[in-house]
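Accompanying notes for the structure given below.
What follows draws every value from the coordinates through simple rules; no lab data is involved. Keep in mind that this is a model prediction, so the values were computed, not measured. For neighbour counting, all protein chains shown are included, and Cβ atoms are generated from backbone atoms with ideal geometry for every residue, glycine included.
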Amino acid sequence: MKYPLLLASLLFVPVALAVDKATREAPRVEIQKPEERSGLQNLLDEMWSRLRQYGPKLSVKETEKTTVVAGVRGAESTTSTLTPYWKGDKTKDPAFVAEVNAFNGAQTLAERDDYPAATTAFEKFLKDYPASSLKPNAEFGLALAMSGTDRAKGLAQLKIFTEQNRTHPLATDAQRVISQIEKLR
């Protein structure tokens, strides 16, 4: 068994070295694609990820929740498990789930650079859920989507957002987009 392995390795090593030598001597050609996205587009992409961070998440599953009790002396062992109660948890409320799905759907359209559809989806969200806690986020998303298609409308919407939501966590991001759009004018 040792001899066939030794013989095979001696036969294939020169072949591998010859192939390696040929690839080293071959000229290399690298094709570089020019950057197709503008500075504004890159900033919009960054803002979409920031908006996603401030948006609600419904993906918490029962398997992802872990409750651990350690060091309880004399604790009774039962077959039932305790599930934690989160005050204000709306993940089982169908109206809230529909609201969050509408918001996330609009944002997904914008992240795919489908700004006209995202604009329509954010406008529909604001019309359907006028008292939503996500209203400022939707207004910011609408302004970003408008900025992707019509800079003047997007700029006007961003200015309205910053005036109405001065303390919102995304207000400084809106100012960054405003200054970028004004530079491009």
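Structure above, values below:
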{"quantity": "Fewest-first sequence of Leu184, Leu155, Leu126 by Cβ atoms within 10 Å of each Cβ", "calculated": "Leu184, Leu126, Leu155"}
{"quantity": "Order of Ser133, Ser147 under a 10 Å beta carbon neighbour criterion, fewest first", "calculated": "Ser133, Ser147"}
{"quantity": "Karplus-derived 3J(HN,Hα), 6.51/-1.76/1.60, for each residue of region 107-122, Hz, glycine and proline x", "calculated": "5, 4, 4, 5, 5, 8, 6, 9, 5, x, 5, 5, 4, 4, 5, 5"}
{"quantity": "Tyr54, Tyr129 arranged by Cβ crowding within 10 Å, fewest neighbours leading", "calculated": "Tyr54, Tyr129"}
{"quantity": "Lys153-Tyr54 pseudo-label distance in nm [points 7 Å out on the Cα-to-Cβ vector]", "calculated": "2.2 nm"}
